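A quick write-up on the structure given underneath.
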Amino acid sequence: MSAPTATAPTGRRSEGRVRKPLLYVIASLGLLVMAAPLLWMALSAFKTKKDLTASPPVWLPSQWTLSNFSELLDQLDMPLYFMNSLIVAVLVTVSNLLFCSMVGYALAKLDFTGRSKVFGVVLIALMVPGNLLILPLYVLMNRLGLIDTYAGLVLPFAAGAFGVFLMRQFMQSVPDELLEAARIDGAGEWYIFFRIVLPLVRPALATLAIFTFLGSWNNFVWPLIATNDPGKYTLPVALATFANDPNRTIAGGNGMLMAGSLLVVLPVLVVFIALQRHFTQGIATAGLK
């Protein structure tokens, strides 16, 4: 009777030894497929024109060069476009962290009339495609005189339904007894919100910051519509305009576009690496819920 019970765990262990390497191989192949375009772009930014037009294509540059970056800086005012993107992305991210956490706290921890209806409106807003809002947003910003301004680029995205939903779900995990104890000690709601609740939901704040910064930094449609002045172009709009320039092939070709795309991606990678620990902790916490 003991033999079958002894072989069963052994069979499971051997099966686990086979499955684990197989999962690693599948995950590695998936990572390679997703990372291949990014790796190609990064390597192409340092290629010469000869390597870019080689047939068959070559992955590694035969001669590393920074000429694509220097030519790009000569053709486009990259510092201006970079600052425009940075200002808009930072303002949108900070405003979302503040307003979404405030609304999420109210929906999670404050008892007021119509709270469930407000949360229902947030859920409905999550189901509305963002492209449907472009026309009314443009009409509103135009009537307010905010076209070609930073305010016109920031205000439509100062708070989002996803951020409110995320913060509300996380703040529900904060113990009510902790907040009640703070109120008994005389703490006001602002003190409780900023000094007690926000430090407890830092993983959620980091997660929201990454998603918001990434979405704002890569946003193309709204900055394209809301800006007519080249001085207010963000990096994606400036690169797209440059890509459609008929003189681009004479000026530097695809190498300059690859260099510009690499400059667009780098800030996002820096933000993700800086907040990676909090981001993974937030995802793990959400999974436990």
Report the net charge of residues surrounding Arg168, where surrounding means a beta-carbon distance below 11 angstrom and charges are Lys +1, Arg +1, Asp -1, Glu -1.
-> +2
What does the charge add up to near Leu205, with Lys and Arg as +1, Asp and Glu as -1, over the other residues with Cβ less than 15 Å from its Cβ?
-> +4
Neighbour-count ranking for Tyr105, Tyr191, Tyr24, Tyr138 (other C-beta within 10 angstrom, fewest to most) reads Tyr24, Tyr191, Tyr138, Tyr105
Among Arg183, Arg168, which comes first, second and so on when ranked by fewest other beta-carbon atoms within 10 Å?
-> Arg183, Arg168
Between Lys117 and Leu269, what FRET efficiency comes out of the Förster formula 1/(1 + (r/R0)^6) with R0 = 35 Å and r the beta carbon distance, rounded to 0.05?
-> 0.30
Computed lengthening from Trp64 to Thr241, 0.36 nm per intervening residue step minus Cα-Cα distance = 61.0 nm
Please identify, among Met141, Met127, Met256, the residue showing maximal mean-square fluctuation in a Gaussian network model of the chain using a 10 angstrom Cα cutoff.
-> Met127
If you look for lysine pairs in the chain that are eight or more places apart or on different chains, how many of them have Cα atoms under 29 Å apart?
-> 4
Tell me, what ³J(HN,Hα) does each residue in the stretch 174-190 have, in order and in whole Hz, if you take phi through Karplus 6.51 cos²θ - 1.76 cosθ + 1.60 with θ = phi - 60° and put x for Gly and Pro?
-> 6, x, 5, 4, 5, 5, 5, 4, 5, 5, 5, 6, x, 6, x, 5, 5
What does the helix-only formula give at 222 nm for the chain: each DSSP H stretch with n ≥ 4 adding -39500 (n - 2.57), the total divided by the residues, and the result rounded to the nearest 500 deg cm²/dmol?
-> -23000 deg cm²/dmol
Shape call for the chain, from the Cα gyration tensor axes a ≥ b ≥ c (a/c under 1.5 means rounded, otherwise prolate when a/b beats b/c, else oblate), comes out oblate
With no solvent and one equal point scatterer per Cα, compute the Debye intensity ratio I(q)/I(0) for the stretch 96-197 at 0.12, 0.20 Å⁻¹ and report its log10, rounded to two decimals.
-> -0.52, -1.02
Environment charge of Val121, counting only residues whose C-beta is closer than 13 Å and scoring Lys/Arg +1, Asp/Glu -1 | +3
Neighbour-count ranking for Thr234, Thr212 (other C-beta within 10 angstrom, fewest to most) reads Thr212, Thr234
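Each reported figure results from applying straightforward, stated rules to the coordinates on display, with no laboratory input. These figures come from a predicted structure and were not determined experimentally. With ideal geometry, Cβ positions are generated from the backbone for all residues, glycine too; neighbour counts draw on all protein chains shown.
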